[in-house]
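Working notes, structure below.
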Amino acid sequence: MSYIIDRRLNARKKSTVNRQRFLRRYRKHIKEAVEDAVNQRSITDIDKGGQVTIPRRDISEPIFHHGNGGVRKKVFPGNKEFVVGDEFRRPEGGGGGGGSGSGKASNQGEGEDDFTFQINQDEFLDFMFEGLELPYLVKKQLRDATEYETRRAGYTNAGSPDKIHIIRSLRAANARRIALSGKERRRVRELKKEIETLEARLPDDDASAQIATLRLEIEELEKRIHRLPWIDDYDLKYNNTIRVPVPSSKAVMFCVMDVSGSMTQSIKDIAKRFYILLYLFLKRNYKQIEVVFIRHHTHAKEVDEQEFFYSRETGGTIVSSALNLTADVIAQRYPKGDWNIYVAQASDGDNWDGDSDVCGKILQSRILPKVQYYAYVEITTGPHQNLWLEYQNLQQGWPHSFAMHQIEEPTDIYPVFRKLFERKTEGAA
Amino acid sequence: MKKKEPISTGAEWTFDLINRYDEEIGRIAEGFRLDTYPNQIEVITSEQMMDAYSSVGMPLNYNHWSFGKQFVETEQNYKRGRMGLAYEIVINSNPCIAYLMEENTMTMQALVIAHACYGHNSFFKGNYLFRTWTDASAIIDYLLFAKNYIAKCEERYGVSEVEELLDSCHSLMNYGVNRYQRPPPLTAEEEKARQAEREEYVQRHINQLWNTIPQKQAEQLPKEQRFPKEPEENLLYFIEKNAPLLEPWQREIVRIVRKVAQYFYPQKQTQVMNEGWACFWHYNLLHQLYDEGLVTDGFMMEFLHSHSSVIYQPPFDSPYFSGINPYTLGYNMMHDLRRICESPTDEDRQWFPDIAGSPWLDTLHDAMCNYKDESFILQFLSPKLIRELKLFTILDDAASPTLKVSSIHDESGYRQIREDLAAQYNLGNREPNIQVYSVNVRGDRSLTLRHFVHNGQPLGESSDEVMRHLHRLWGFDIHLDSVMPDGTLYNSFHCPPRQQELIEAV
């Protein structure tokens, strides 16, 4: 006797726990792989899964086994021309399968290439957020890219009291009362007809006696009708609402960065993380995002991402050139009504002395009125220079759309965002 | 006899059809006296198959990162198309659980039913190793107990703590089996009932062993009293019972790993026979179906195609060669055994006087029940098969610069090749022979193990790592001596490593 069972619908992902354990154990390796990926990848596909490679020897599970050496015999199939006593050189390595070592050893020989596997988007972001010290709520927000809107969707029989639909409820009650009292009302109508015919025979004693009993019966029936509850639990109707995912509108993100000689690659890497966070944050809030890269030394130029992060320039620094270009691009391509505009500027704080107040003016007049948010990060461990002072003045004028922060190491990136998130979560609540 | 209607003609399977095939195959199997546990056939998806792969084929198991690693690797290989998944997995349990993948065609499902549900199943029920070492009706319950117990420990003592312990146990898993002593069968209820009792008893016993308060009688005993009195081959058992510092829950986990190792031990020892038996029967059962007209020609073509690729043996110089294919060897030996019984040649009569011409079904059943790979090959590998597979032996002596062909498939080589091949399936030769030798009970509590060197083969390079795991379990110094057959010391390992200079200075 056999039992045949369809298990295909059983719980999936049975190995998830074991997989998590594995990832936890090799977090160091995975973290390195993720860091690499962050540095190599374009900002716009940062939140895909990734490939992780771990050296095979690091994940081997040790057991006692025979090492090389000693005398061993092995039987092989498919002899072609060998006869007893033939001798030949040991094959190099375990590769050819010619004969050295046991089966186990040659398996290990083949297995020498590194252990490579995929991690998914969530896992990738988890590892990337590590070290940025994001609060859990924010991590969650960044991961859930869809936004929902509550919409009305008809009526239901269950719900919370604040959603009762009064008209529908009373209509239902009325219908119920009509339905439940049908028999009684029909009887009342019949009795009334009978009374009418009897009344024609008045003044007959017999008839009036009958009329009296009929009247009593009618009264009884009407009482019964009256006893039907006026409104009952199952009459209640509630407004139904459902959550539907909605695309939000468009956003554009300007990445502005100083690429003069003083910006080292490590400063740029920190800046890149900053841009990535901003990008992920925007991605959660907007359906369509464009990213514009503007780099500058003494001139500003709109470039692609590769050039933005990895080409080197030398020379002085005039920040206003980049701000002017940004303002121009906004004016030409991103009209304020259609786009939510975000600007993120990263710099090491250097600027040509006479330029800082120009920057202030451009921001004040051409940029800040049009943008949702302008974030300036200064990645430096040194003292602040004139640009910082100039911007500090601006901050007082634009408390909601201008933020500036000094970053010394990656953990400092998050506080810059805190303000932004605060505002957004208020809006969502 | 009038030909019957075939059961099915298309490639698509349905539950009704699986049922029909199972009934017919079961009927034929009964005719061949295949005695099986009841079958539980479960249809699963490829993802579930990967889950099953990574928990060593069991439907449930405790959690450990190494299973996760296995899963990740399987998934990666499968997605890249580097490997196909097995068509089936079958579990030695009662009822016998067999997994069928939903992607299989009807022919493949029928093949799998014949192979797993009647071939492997009857092997599990009949073979002496499985009968004595495993209790098919209890294993699922026991694994459930183990999973829950370990989960509870993780909650109470922390995941990392438990993980470290499991790592250490896994590294010694091959040394967690009794090779010679027969174990009592394990049942889940018993385990649970006796567990508390055992914890307490063992702990008390340990405390006595490590008691340092001097006792008068003890001093009168001769100084050189050994512990253990006899060397112990089951390292995990020894640790479970005697490690001085383990907590009761840790002993229980050591025990769980040991029990699981013991359960899988017969499978390691009967791979060739088990697969050979299953292949032999799927081949015969499906042919019988064909002879009765229950399957179509197309069915047979597809079946024969997969059958022949399963039992294909690439020659040693092929890029696909990775050792002797146990399916090939097993199937051919079973098939050959039937031939020897049914139509023996003079050679067979000379080599196998007992079985040549005997009723084939009796002989095969006897072979299945009473042998393991090593003894099966030693007993039944015929010269004819050695010639057909063109077997030859390579002698690899590290002392000589060259490899040497020591025997080939000729009159003078048959016996030697048979012995060599059998030895290759002797687990005692494949794994280094390491035993608990002595414990310094009165001194530093160090544990000394002895490795008995076989054919001059030294220990592999991960031994130091395993020593550290042993040290974690035992809690005090570990010494491992590799000893040559003549009693001389070959080399030795110490954990923590011994500082050579320090010793020399003293």
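The values are calculated or read from the model by the stated rules, or taken from the named source; none is laboratory data. These numbers come from a predicted model, not from an experiment. In this analysis, Cβ positions are derived from the backbone assuming ideal geometry, glycine residues included, and neighbour counts consider all displayed protein chains. Note: accessible area is taken over every heavy atom of the protein model, side chains too, but ligands, DNA and RNA are not part of it. Shrake-Rupley method; radii C 1.70, N 1.55, O 1.52, S 1.80 Å.
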* For the Cα atoms of chain B, what angle does the longest principal axis make with the long axis of helix B:297-310, in degrees from 0 to 90, nearest 10? -> 30 degrees
* **Peptide B:402-415, shielding by other chains (average Cβ, 10 Å cutoff)** => 4
* Asked: So what is log10(I(q)/I(0)) for the stretch B:255-386 at q = 0.09, 0.11, 0.21, 0.22 1/Å, when the Debye sum runs over its Cα atoms only?
  -> -0.33, -0.49, -1.25, -1.29
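In deg cm²/dmol and to the nearest 500, what is the mean residue ellipticity at 222 nm of chain B if only DSSP H runs of at least 4 residues count, each as -39500 (n - 2.57), divided by the residue total? Mind showing how you got there, number by number?
On the way: 23 runs with 266 residues, N = 506.
Helix contribution divided over all residues of chain B: -16000 deg cm²/dmol.
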* Which aspartates and glutamates does B:LYS268 reach when only Cα atoms under 16 Å apart count, and residues fewer than 8 places away in its own chain are ignored? -> B:ASP373, B:GLU374, B:GLU431
* To do: Find the accessible area per residue for the stretch B:401-506; the probe is 1.4 Å, ligands and nucleic acids are left out, and the unit is Å².
  => 50 Å²
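Take peptide B:70-78, look around each residue's Cβ out to 10 angstrom, count Cβ atoms belonging to other protein chains, and average those counts. Mind dumping the intermediate values first?
Details: counts 4, 7, 11, 5, 1, 4, 5, 1, 0.
Mean partner-chain Cβ count within 10 Å for B:70-78: 4.
Where does each of B:ARG194, A:ARG312, A:ARG273 land when they are ordered by accessible area, with a 1.4 Å probe and the largest first?
So the residues, ranked largest to smallest area, are A:ARG312, B:ARG194, A:ARG273.
Assigning unit charges at the beta carbon (Lys, Arg +1; Asp, Glu -1) and nothing else, what dipole magnitude in debye, to the nearest 20, does the stretch B:315-428 show about its Cα centre? Don't skip to the end; give the middle numbers.
Values: 10 positive and 18 negative charges, 29 e Å.
For the stretch B:315-428, the charge dipole is close to 140 debye.
Starting from the Cα gyration tensor of the stretch A:248-428, take the square roots of the eigenvalues, sort them a ≥ b ≥ c, and report rounded, prolate or oblate (rounded when a/c is under 1.5, otherwise prolate if a/b is larger than b/c, else oblate).
It comes out rounded by the Cα gyration axes.
Before anything else, pin down the relative contact order of the stretch A:248-428: Cα pairs under 8 Å, at least 6 apart, normalised by residue count, whole percent.
Values: 303 pairs, mean separation 41.6, N = 181.
Dividing the mean separation by the residue count of the stretch A:248-428 yields 23 percent.
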* **Solvent-accessible area of B:SER492 with every protein chain in place, 1.4 Å probe, in Å² to the nearest 10** => 50 Å²
* Asked: Rounded, prolate or oblate: which fits the stretch A:300-393, taking a ≥ b ≥ c as square roots of the Cα gyration tensor eigenvalues, rounded meaning a/c under 1.5, else prolate when a/b beats b/c?
  -> oblate
* To do: Using the charge dipole of the stretch B:315-428 (Lys, Arg: +1 at Cβ; Asp, Glu: -1 at Cβ; taken about the Cα centre), state which of B:MET334, B:GLY323, B:SER406 has its Cα farthest towards the positive end.
  => B:GLY323
* **Loop sites in the stretch B:431-462: trypsin sites (Lys or Arg not before Pro), DSSP, at most 12 other Cβ within 10 Å** => B:ARG442
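Run the numbers on chain B and let me know its relative contact order in percent, using alpha-carbon pairs under 8 Å that are six or more apart.
Numbers: 672 pairs, mean separation 74.7, N = 506.
The normalised contact order for chain B reaches 15 percent.
What accessible area per residue, rounded to a whole number of Å², is obtained for the stretch A:161-239 using a probe radius of 1.4 Å?
74 Å²
Normalised by the number of residues in the stretch A:184-292, what is the relative contact order in percent for Cα pairs under 8 Å and 6+ residues apart?
Working: 58 pairs, mean separation 30.3, N = 109.
Relative contact order for the stretch A:184-292 comes out at 28 percent.
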* Structure fact -> Output for the stretch A:20-85: chymotrypsin sites (Phe, Trp or Tyr not before Pro) sitting in coil per DSSP, at most 11 other Cβ within 10 Å, listed by number, reads none
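Mind checking how much accessible area B and A bury in total, 1.4 Å probe, in Å² rounded to 100?
Values: alone 26400 and 26910 Å², together 45940 Å².
Summing both chains' loss of accessible area gives about 7400 Å².
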* Structure fact -> With label points set 7 Å from each Cα along the Cα-to-Cβ direction at B:ARG179 and A:ILE242, the distance between them in nm comes to 6.8 nm
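For A:TYR3, B:TYR175, what's the largest-to-smallest order of accessible area, 1.4 Å probe?
Details: A:TYR3 115, B:TYR175 5 Å².
Ranked from most to least accessible, the order is A:TYR3, B:TYR175.
Using +1 on the beta carbon of Lys and Arg, -1 on that of Asp and Glu, and nothing else charged, what's the dipole of chain B about the Cα centre, debye to 20? The partial results should precede the final answer.
On the way: 48 positive and 71 negative charges, 210 e Å.
Value, rounded to 20: 1000 debye.
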* To do: State, to one decimal in nm, how far the label point of A:THR116 lies from the label point of A:ASP328, with both points 7 Å from Cα in the Cβ direction.
  => 4.5 nm
* Answer rounded, prolate or oblate for the protein assembly as shown, using the Cα gyration tensor with square roots of eigenvalues a ≥ b ≥ c: rounded when a/c is under 1.5, else prolate when a/b is larger than b/c, else oblate. => oblate
* **Pairwise Cα inverse-distance average, inverted: Kirkwood Rh of chain B (Å)** => 25.9 Å
* **Residue among B:PHE145, B:VAL257, A:THR116 farthest towards the positive dipole end of the protein assembly as shown, charges placed on Cβ** => B:PHE145
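Please work out the Cα convex hull volume for the stretch B:315-428 and give it in Å³ per residue. The partial results should precede the final answer.
Values: hull volume 13.6 nm³, N = 114.
It is 119 Å³ per residue.
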* Asked: Of A:ILE43, A:PHE64, A:ALA33, which is farthest along the charge dipole of the stretch A:28-74 in the positive direction, counting Lys and Arg as +1 and Asp and Glu as -1 at C-beta?
  -> A:PHE64
* Structure fact -> Per residue, accessible area of the stretch B:293-400 with a 1.4 Å probe, heavy atoms of protein chains only, in Å², comes to 43 Å²
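Can you compute the charge dipole magnitude of the protein assembly as shown about its Cα centre, using +1 on each Lys and Arg Cβ and -1 on each Asp and Glu Cβ, nothing else charged? Give it in debye, rounded to the nearest 20.
Values: 114 positive and 133 negative charges, 460 e Å.
With Lys and Arg at +1 and Asp and Glu at -1, about 2200 debye.
Accessible area of the stretch B:1-91 with a 1.4 Å probe: how many percent of it is carbon plus sulfur?
Working: 2110 of 4280 Å².
C and S fraction of accessible area: 49 percent.
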* Asked: Binned at 5 Å from 0, what are the whole-percent values of the Cα-Cα distance distribution for the stretch B:432-505, short to long?
  -> 3, 15, 24, 25, 19, 11, 2, 0
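Assuming 0.36 nm per residue, please report the length gained on full extension of the stretch B:GLU155 to B:GLU465 beyond their Cα-Cα distance.
Details: separation 310, 0.36 × 310 = 111.60 nm, distance 2.78 nm.
Extra length from B:GLU155 to B:GLU465 when fully extended: 108.8 nm.
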* First compute the accessible area of the stretch B:432-505 with a 1.4 Å probe, then give the percent of it belonging to carbon and sulfur atoms. => 47 percent
* Asked: Using a cut-off of 12 Å between alpha-carbon atoms, which aspartates and glutamates can reach B:LYS259, once sequence neighbours fewer than 8 places away in the same chain are excluded?
  -> B:ASP135, B:GLU191, B:GLU240
* Asked: From the cross-link list B:LYS79/B:LYS147; A:LYS80/B:LYS404; B:LYS125/B:LYS372; A:LYS163/A:LYS237; A:LYS73/B:LYS390; A:LYS250/A:LYS336, which pairs have alpha carbons spaced over 18 Å apart?
  -> B:LYS79/B:LYS147
* By how many degrees, between 0 and 90 and to the nearest 10, does the Cα long axis of helix B:188-209 differ from the longest principal axis of chain B? -> 30 degrees
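Working with all protein chains in place, sort B:TYR283, B:TYR149, B:TYR180 by solvent-accessible area computed with a 1.4 Å probe, largest first.
Details: B:TYR283 55, B:TYR149 20, B:TYR180 180 Å².
Putting B:TYR283, B:TYR149, B:TYR180 in descending order of accessible area: B:TYR180, B:TYR283, B:TYR149.
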